[in-house]
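One structure is given here, and the rest of the page talks about it.
The values are calculated or read from the model by the stated rules, or taken from the named source; none is laboratory data. Bear in mind that the values here come from a model prediction, so they are computed numbers and not experimental data. Don't worry about glycine lacking a Cβ; one is built from the backbone with ideal geometry, like all the others, and counts go over all protein chains shown. Ligands, DNA and RNA are stripped out before the accessible areas are found, and what is left, the full protein with its side chains, is counted by its heavy atoms. Shrake-Rupley method; radii C 1.70, N 1.55, O 1.52, S 1.80 Å.
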Amino acid sequence: MHIPSIIETKRDGGVLGDEEIRSVIGAYTAGEMPDYQMSALSMAIYFNGMTMEETASLTRAMLDSGEVFEYPESGPRVVDKHSTGGIGDKVSLVLAPLLACDELWVPMISGRGLGITGGTLDKLEAIPGFRVGLSREEAMAQLEKTGVVMMGQTADVCPADKKLYALRDVTATVPSQPLIVASIMSKKLAETLDALVLDVKFGSGAFMKTGGEAESLGSAMQAVGEAMGVDTRVCYHTMDEPLGRAVGNALEVVESIETLKGGGPEDLRRIVIALAKEVSSADESQLEGWLDDGNAWRKFQGMVDCQGGDSGALEKLVDVQRAPVIRDITAEHDGIIIAVDAETIGRCSVSLGAGRSKADDVIDPTVGFDQLIKVGTEVSTGDVLGRVHATDEAGANLGERALREAIRCE
Ligand code: URA
């Protein structure tokens, strides 16, 4: 295999064969193909796309790079959800334990922050001690015990996505349909699911900017899932303003805990219930009940305990993970909030330290925004539009500028 020729074929708009794609993924996973060649190939795919056959080959090659989950014959139904990514999208943290209340098994393999969007693993790691790097055996044992596990790609499970995901994050090659399909579906197929719901986002804070792009992505993922025998549902949600009122790793865990205890922002709870209904046999009032009566919260605490996290720290996470500077940003005039631009807030969160610009950047779990105002709210001068959490005054200034730019009040 001559890797420069494969990159050249894609650069010039050609189509790669199954064997070529398998060789590339095999070599990259084994450390025999350097990041600079994979970066070049990813950028060529970003610009020239892939056919459905190439996308299926890429997904299959990435799936085959690691182990897949296997369950006992008489085990419970195995379900999961995956989002294509958005700002303030903490749905997984609430949904996975909620589904486990329905005696389903939820073996959720997630990713870290990607581009301007936050990642479930970075959020979970804001909980002191929480381990996301579980082996398949550890994950299976935990499913038997609590019905829910939230983990990352490892050297054994989805290793190709683990490497490629981190590379795409810092090489501006995330918003590519075939790369997103293969990344998401290789993880979900490794879970050997009975049913999957995909939450496809579109809008300023999503990788797909229009409904048309989102539909094309959703149908491609559904086709791959169905071809592999997984009952695959797709839901579409806008991502023009952040989901909920918090953006940033620890801040989003705090908001998830509020939601798991029956409170939390209304838009977050609505999406959680809508997605849960797609893969659970429980009806809406039962699902609402598990949030309101503390069952989902207890499942979450149990999962945190199993994965080495300090569940006692959960209720005081605001203090445990407190940024040095917290500044209220207030309205300068009366009016109605017309827009809260998710992309501007996502970009600023990354600059504050909540995401990465280089592969080895270390995440700051404390920074971000909370108490964000929602579109449609009437405000008076002096009302809080949001709070910025930063490491220093310069960061708080940056956050204030971004928030004022993001919010339109008329
Ligand atoms: N989520 C993933 O797991 N991969 C992507 O490429 C985008 C969102």
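When you scan the range 160-177, how many residues do you find that are more than 10 Å from the ligand (Cβ to nearest atom) and of a type in the set (S, T, N, Q)?
1
None of 155, 182 is out of contact with any Pro (no Cβ under 9 Å at 6 or more places or on another chain) and crowded, with 22+ Cβ neighbours inside 10 Å except 182. Given the criteria open to solvent by 10 Å² or more (accessible area, probe 1.4 Å) and within 27 Å of residue 343 (Cβ to Cβ), does residue 166 qualify? The answer is yes for residue 166.
Contact map, the range 113-137: first residue in the same structural domain as residue 249 (by TED's automatic domain parsing) and of a type in the set (Phe, Trp, Tyr), second residue within 16 Å of the ligand (Cβ to nearest atom) and assigned to a helix (DSSP H, G or I), Cβ cut-off under 8 Å, separation 6 or more or different chains; pairs are 130/124.
Residue 265 - would you say it is assigned by TED's automatic domain parsing to the domain that holds residue 296, surrounded by fewer than 22 Cβ atoms within 10 Å (Cβ to Cβ) and at pLDDT 95 or above?
Values: assigned by TED's automatic domain parsing to the domain that holds residue 296: yes; surrounded by fewer than 22 Cβ atoms within 10 Å (Cβ to Cβ): yes; at pLDDT 95 or above: yes.
Taking the combined requirement at face value, the residue satisfies it.
Scan the range 229-246 and give yes if some residue there is away from the ligand (no atom under 13 Å from the Cβ), aliphatic (A, V, I, L, M) and farther than 27 Å from residue 76 by Cβ, otherwise no.
First, the residues of the range 229-246 that are away from the ligand (no atom under 13 Å from the Cβ): 229-238, 240-246.
Checking the rest, the ones that are also aliphatic (A, V, I, L, M) come to 230, 234, 243, 246.
Narrowing the set further to residues that are farther than 27 Å from residue 76 by Cβ leaves 243, 246.
Taking every residue of the range 229-246 in turn, at least one turns out to be away from the ligand (no atom under 13 Å from the Cβ), aliphatic (A, V, I, L, M) and farther than 27 Å from residue 76 by Cβ.
For the range 375-399, the set of residues classified as open to solvent by 30 Å² or more (accessible area, probe 1.4 Å), touching a strand residue (DSSP E or B) at 6+ places or on another chain (Cβ under 7 Å) and farther than 16 Å from residue 354 by Cα consists of 375, 376, 377, 378, 382, 383, 384, 393, listed by residue number. Residues in the range 86-126 that are crowded, with 23+ Cβ neighbours inside 10 Å, in contact with a Ser or Thr (Cβ under 7 Å, 6 or more places away or on another chain) and part of a helix (DSSP H, G or I): 7 in all.
Yes/no matrix, rows are residues, columns are (1) surrounded by fewer than 18 Cβ atoms within 10 Å (Cβ to Cβ); (2) outside the structural domain of residue 124 (by TED's automatic domain parsing); (3) free of Cβ contacts under 8 Å to residues at least 40 places away in the same chain:
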{"position": "308", "(1), (2), (3)": "yes, no, no"}
{"position": "330", "(1), (2), (3)": "yes, yes, no"}
{"position": "337", "(1), (2), (3)": "no, yes, no"}
{"position": "346", "(1), (2), (3)": "no, yes, no"}
{"position": "352", "(1), (2), (3)": "no, yes, no"}
{"position": "368", "(1), (2), (3)": "no, yes, no"}
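Out of (1) away from the ligand (no atom under 15 Å from the Cβ); (2) in a helix (DSSP H, G or I); (3) open to solvent by less than 50 Å² (accessible area, probe 1.4 Å); (4) in contact with a Ser or Thr (Cβ under 9 Å, 6 or more places away or on another chain), the odd one out for residue 79 is which? Failed condition: (2).
Residue check: residue 180 meets all listed conditions (1) within 13 Å of the ligand (Cβ to nearest atom); (2) modelled with pLDDT under 95; (3) of a type outside the set (Phe, Trp, Tyr) but one, namely (2).
Taking the range 86-112 as the range and being free of Cβ contacts under 8 Å to residues at least 60 places away in the same chain, of a type outside the set (Phe, Trp, Tyr) and touching a Pro at 6+ places or on another chain (Cβ under 7 Å) as the test, only 103 passes.
One line per residue, one yes/no per condition, for (1) touching a strand residue (DSSP E or B) at 6+ places or on another chain (Cβ under 9 Å); (2) open to solvent by 10 Å² or more (accessible area, probe 1.4 Å); (3) outside the structural domain of residue 142 (by TED's automatic domain parsing):
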| residue | (1), (2), (3) |
| --- | --- |
| 217 | yes, no, no |
| 227 | no, yes, no |
| 253 | no, no, no |
| 259 | no, no, no |
| 274 | yes, yes, no |
| 281 | no, yes, no |
| 295 | no, yes, no |
| 298 | no, yes, no |
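In this structure, does residue 141 turn out to be part of a helix (DSSP H, G or I), in the same structural domain as residue 304 (by TED's automatic domain parsing) and out of contact with any helix residue (DSSP H, G or I) (no Cβ under 7 Å at 6 or more places or on another chain)? Taking the combined requirement at face value, the residue satisfies it.
Could you tell me which of the residues 186, 219, 256 is out of contact with any Ser or Thr (no Cβ under 8 Å at 6 or more places or on another chain) and either within 13 Å of the ligand (Cβ to nearest atom) or closer than 26 Å to residue 297 by Cα (or both)? Give the derivation first.
Working: 186 fails: out of contact with any Ser or Thr (no Cβ under 8 Å at 6 or more places or on another chain); 219 fails: either within 13 Å of the ligand (Cβ to nearest atom) or closer than 26 Å to residue 297 by Cα (or both).
So the residue among 186, 219, 256 that is out of contact with any Ser or Thr (no Cβ under 8 Å at 6 or more places or on another chain) and either within 13 Å of the ligand (Cβ to nearest atom) or closer than 26 Å to residue 297 by Cα (or both) is 256.
Taken over the range 138-158, the residue count meeting the criterion of being away from the ligand (no atom under 16 Å from the Cβ) and at pLDDT 95 or above is 12. Out of 109, 116, 127, one residue alone is among the β-branched types (Val, Ile, Thr), over 20 Å from residue 351 (Cα atoms) and within 15 Å of the ligand (Cβ to nearest atom). It is 109.
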